[in-house]
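Data block below; observations after.
Only the coordinates and a few stated rules stand behind these numbers; no lab work does. Everything quoted here is computed from the prediction, not taken from an experiment. Positions of Cβ are generated from backbone atoms using ideal geometry, with glycine treated the same way; all protein chains shown enter the neighbour counts.
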Amino acid sequence: MSPKRPKRSVLFERKTRRLVVRPLVSSDDLAWKAAYSTMLPKRNAFDPTNRKPRELSVRRFRADLKSRNEGMAADRYYGFGVFHRKSGELVGQVGIMDVQRGISQSAYLGYVIFNRYWNQGFGKEAVRAAVDIAFRDLRLHRVEAGIRPRNRRSILLARSLGFRKEGLKKRAVLMHGEWVDLVMYSATTEDFGIRWRGRVDQR
Ligand SMILES: CC(C)(COP(=O)(O)OP(=O)(O)OC[C@H]1O[C@@H](n2cnc3c(N)ncnc32)[C@H](O)[C@@H]1OP(=O)(O)O)[C@@H](O)C(=O)NCCC(=O)NCCS
């Protein structure tokens, strides 16, 4: 697996060749609105549905930011914007979700690249940076991506990062009123040549 390491700057921030992956802040409202309002029509079944103009208000953005900050404070959910270093555009978002401590020290990865930026390697660059944050900053040992079996692009992305296919999780999550299967892909610190530096309270 590629040990290529994104440049580390500050905690929860990674600068890669073309991108900056970092938590959103209140001054990102315009970049956030621009990203959603310039989305192309849905390109496949897994591409998020375009938002309506009223869903792109500053109020919505602040509510979203508040819930992200609460998630981080609770060590439960870490959401990051994926910004283009040159243009400053928000090209996608990545998340480290459902953080489990105890003896598993694991989390799920979520990722989306806004569809006008697909096929340029941004997904791979951003997810690699998120994995680095998960392993080094959050000191997690394992990350997992649960992918819908027909989501070919996402499966190719996970594979291209060297994630291991672990099997099919039947009726794993409720989506649009239906319990759907997920193919699980995972990686641990060992796969990325990183020494795990976390601590487990065994009590
Ligand atoms: C899945 C997604 C994040 C990929 O983003 P992307 O920026 O287009 O992906 P990349 O350009 O980095 O490509 C990553 C890998 O996918 C594969 N890939 C991407 N586009 C491909 C295409 N058109 N044909 C074949 N392979 C392709 C390649 O294997 C590539 O790896 P490589 O660079 O080593 O060849 C993006 O399509 C997306 O946001 N989809 C909607 C949301 C979603 O499905 N999220 C995942 C939920 S589990």
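If neighbour count is taken as other Cβ atoms inside 10 Å, put VAL127, VAL58 in order from fewest to most.
Numbers: VAL127 26, VAL58 12.
Going from least to most buried by this count: VAL58, VAL127.
Kindly provide the GluC sites (Glu not before Pro) of the range 141-203 that DSSP labels as loop, not H, G, I, E or B, and whose Cβ sees at most 11 other Cβ atoms within 10 Å.
Details: sites: GLU144, GLU166, GLU178, GLU190; in loops: none.
Counting only loop positions with at most 11 other Cβ atoms within 10 Å, none of the GluC sites (Glu not before Pro) in the range 141-203 qualifies.
Given 0.36 nm per residue, what is the gain on full extension from LEU174 to SER87 after removing their alpha carbon distance, in nm? Show your work: numbers first, answer last.
Working: separation 87, 0.36 × 87 = 31.32 nm, distance 3.68 nm.
Computed gain between LEU174 and SER87 is 27.6 nm.
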Regarding the chain, what is the average projected area of its C-alpha convex hull, in nm²? 11.9 nm²
Extreme residue, positive dipole direction of the chain, given options GLY88, MET72, SER106 (C-beta unit charges): GLY88
Determine, from the Cβ-Cβ distance of GLU70 and ARG153 and an R0 of 30 Å, the FRET efficiency 1/(1 + (r/R0)^6), rounded to the nearest 0.05. 0.45
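Beyond a 26 Å Cα-Cα separation, which of these cross-linked pairs lie in this structure: LYS124/LYS169; LYS15/LYS169; LYS66/LYS169; LYS52/LYS169; LYS52/LYS170; LYS15/LYS42? The partial results should precede the final answer.
Working: LYS124/LYS169 24 Å; LYS15/LYS169 34 Å; LYS66/LYS169 32 Å; LYS52/LYS169 33 Å; LYS52/LYS170 33 Å; LYS15/LYS42 29 Å.
Over 26 Å Cα-Cα: LYS15/LYS169; LYS66/LYS169; LYS52/LYS169; LYS52/LYS170; LYS15/LYS42.
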Net charge of neighbours whose Cβ lies under 11 Å from the Cβ of LEU182, counting Lys and Arg as +1 and Asp and Glu as -1: +1
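What shape does the range 32-82 have by the C-alpha gyration tensor, where a ≥ b ≥ c are the square roots of the eigenvalues, rounded means a/c under 1.5, and otherwise prolate means a/b greater than b/c and oblate the rest? Numbers along the way, then the final one.
Values: a/c = 2.74, a/b = 1.59, b/c = 1.72.
Note, shape of the range 32-82 comes out oblate.
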All alpha-carbon distances of the range 113-203, grouped into 10 Å bins from 0, give the whole-percent distribution 15, 39, 34, 11, 1
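Suppose a student asked you for the relative contact order of the chain, using Cα pairs under 8 Å spaced at least 6 residues apart; what percent would you report? Don't skip to the end; give the middle numbers.
Details: 339 pairs, mean separation 39.2, N = 203.
Once normalised by length, the contact order is 19 percent.
Mind listing which trypsin sites (Lys or Arg not before Pro) in the range 132-196 are in a DSSP loop and have 13 or fewer other Cβ atoms within 10 Å? It would help to have the intermediate numbers written out before the result.
On the way: sites: ARG136, ARG139, ARG142, ARG150, ARG152, ARG153, ARG159, ARG164, LYS165, LYS169, LYS170, ARG171, ARG195; in loops: ARG139, ARG150, ARG195.
Loop-located and lightly packed - ARG150, ARG195.
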Counting DSSP beta bridges with both ends in the range 11-143, the antiparallel % (nearest 5): 90 percent
May I ask for the distance between the Cα centers of the range 141-203 and the range 17-62, given as a whole number of Å? 25 Å
